[in-house]
Amino acid sequence: MRRTLAASHEVFGEPKRFREALMLRTAELLQQAAGDEVTQPDGDGSVLMTLRSRQAGVEVHKRVRVSIDQAEETDDVLRIPLRWEADPAPHLFPTFEGVVELLSMGNGRAELSLVGYYQPPLGPVGDAVNTYLSDTARASAIRLVRHLARELVEDVYHLDRPLQSDATRVALTVRDVMSPELVVVSEDESLRDAAGVLLAAGHGGVPVVDDRNQVVGVLSERDLLDRVADERLGLGPAAHRAWKRWTARNAGEACSRPAVTTEADTSVRQAATLMATRDVARLVVMDGARVVGIVTRSDMLRVLVRDDEEIADAVAAVLADRGEDGVHHSVEDGRVHLTGTVKLRSRVTPVCRDVERCDGVLLVDGSQLGWATDDVTP
């Protein structure tokens, strides 16, 4: 009997660029998402890759041969049919037939999904053990889609550089996620040349510097858009800034001043708070008086896609630092589950809060925690 299988993950960015990358490099991205070395398709167009999942704390994996069919595209949806079966021994493991689907949701969001059916092997015997098979298949699909989403974003926005931090560090810094490839324009740069720099760099904004190489502002796509659009008249600060950009003759006159900056060693959480309160899409990263990079909203999202394995290492470091060797943890999709025993009952909430501060953690479940000593009840 066929069983339904579905998993999805949201990605942020330009859906059109995601669709182009996914359609052109489907096999390559799938292999990268599986953690395999990228190989050329065989003569029949199929590729080998490894499906992985974790069941009861044990890593489960199997090799599958994936056949990818012609992509189907509409205005909002890209569908790529595929099929996989175990290699070797396909008759001993479920086969899968379905589609990888990318749905544009507007506002720079898209949903990446894997949807289809798998066929348990061995007839009635396969049906009898289907609970285990379905759990394994679902966990494999969720992991594959989550990693495929990460690979897709990294491919489109060239984020394939590894995080430069120790994996056990609780809080990542701006230095860990920023774009270090420094691109700047001088304030007397013509608007035509400055627009060319933005397009070539692939950034939505770049720092503007004066003749002493000091940062005076940031030139963004929005700044240049006001220069191309019709003249905007009206009262208030927004209309005044739009009019100034419309009359600008060079990058210095068109840019937003002053530049909002942050230090390279600032935590990502502090930088995200600054970005939100100042309502800016990017921060110029400084190391003392020197510009060392730029960090954007998309860079900040790298914290949310931190690997479960890396989150688990950070949580383990927190528990070790607190001396809570009786507490066990597992991580799935950024959700941390704590079990075992803390030393004092009064420490349950503080331990959960400390774990919650680890970057990448979305939820902490400490409902199964016990304690060795009850120092709360009289």
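General observations
- By definition, a body whose alpha carbon gyration tensor gives a ≥ b ≥ c is oblate when a/c is 1.5 or more and a/b is not larger than b/c, and the stretch 1-48 fits this oblate description.
- Cut-off 9 Å between beta-carbons: net charge of the residues surrounding residue 205, Lys and Arg +1, Asp and Glu -1: 0
- Overall, the accessible surface of the stretch 2-46 at a probe of 1.4 angstrom is composed of carbon and sulfur to the extent of 46 percent.
The values are calculated or read from the model by the stated rules, or taken from the named source; none is laboratory data. Just so you know, these numbers come straight off a predicted model, no measurement behind them. Note that each Cβ is placed from the backbone with ideal geometry, even for glycine, and that neighbours are counted across all protein chains shown. Just so you know, the surface numbers come from the protein's heavy atoms only, side chains and all, with ligands and any DNA or RNA stripped out. Shrake-Rupley method; radii C 1.70, N 1.55, O 1.52, S 1.80 Å.
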